[in-house]
1. Per-residue HN-Hα couplings for region 90-103, Karplus 6.51 cos²θ - 1.76 cosθ + 1.60 at θ = phi - 60°, whole Hz, x for Gly and Pro?
2. Subtracting the Cα-Cα distance from 0.36 nm times the residue separation, let me have the gained length for residue 116 to residue 33 in nm, one decimal.
3. At 7 Å along Cα-to-Cβ for each site, give me the label-to-label distance between residue 90 and residue 68 in nm.
4. Using amide H atoms built 1.01 Å from N in the peptide plane, name the residues 5+ places from residue 93, or on other chains, whose amide H lies under 5 Å from its own.
5. Taking the Cβ-Cβ separation of residue 25 and residue 125 as r and a Förster radius of 25 Å, what is the calculated FRET efficiency to the nearest 0.05?
6. What number comes out for the charge environment of residue 69, summing +1 per Lys or Arg and -1 per Asp or Glu over other residues with Cβ under 15 Å away?
7. Where Rh is the Kirkwood radius over the Cα pairs of region 26-120, the temperature 10 °C and the viscosity 1.306 mPa s, what D in µm²/s does Stokes-Einstein return?
Amino acid sequence: MITDLPGFVSVNKLESLPSGRYFVVESIYQPAAESSALVTMSEILTVAGNRTVAVDLQVLTDEGELRFRDFCLTASGAWRDSYGATAWKLQDLLPSELAKYTLTSRQGTVVDHDGHGNLLQVPAREQNYGA
């Protein structure tokens, strides 16, 4: 849930996530070697259930346009995007052109959410345990 981008407004709020420990996994996708397009998808997953509960999506097009959307799993189990549209499957809200992209890198870290919209990185000695 994008919080630090001037001008980006979303109905989803990071502070709506319960406090606790989460994995944050950042994945980079590209459509083809000759393309300058790039997609960054940041997923927030629960440590206990390994369930994705929020996603930030940043798309850089070949034309240099930068687009942002975020997604949040609601209490009903439906996904909601930054504009308020909902669907039972996250992929139903994602831009269809993403199906042509290939994963090029992925990295993650463990964070604690304080319940007030702040994600705090967990010390390295606790990173491998996740709980």
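1. Once rounded to whole Hz, the list reads 4, 4, 6, 9, 6, x, 4, 5, 5, 4, 8, 8, 10, 5.
2. Gain on stretching residue 116 to residue 33: 25.8 nm.
3. Result for the modelled spin labels: 1.9 nm.
4. Placed amide hydrogens put nothing under 5 Å from residue 93.
5. Calculated transfer efficiency: 0.80.
6. Surrounding charge for residue 69 is -4.
7. 109 µm²/s
FYI, it's all coordinate maths here, none of it is from the lab. Here the structure is a predicted model, which means the values were calculated and not measured. All Cβ positions, even for glycine, are placed from backbone atoms using ideal geometry, and neighbour counts span all protein chains on display.
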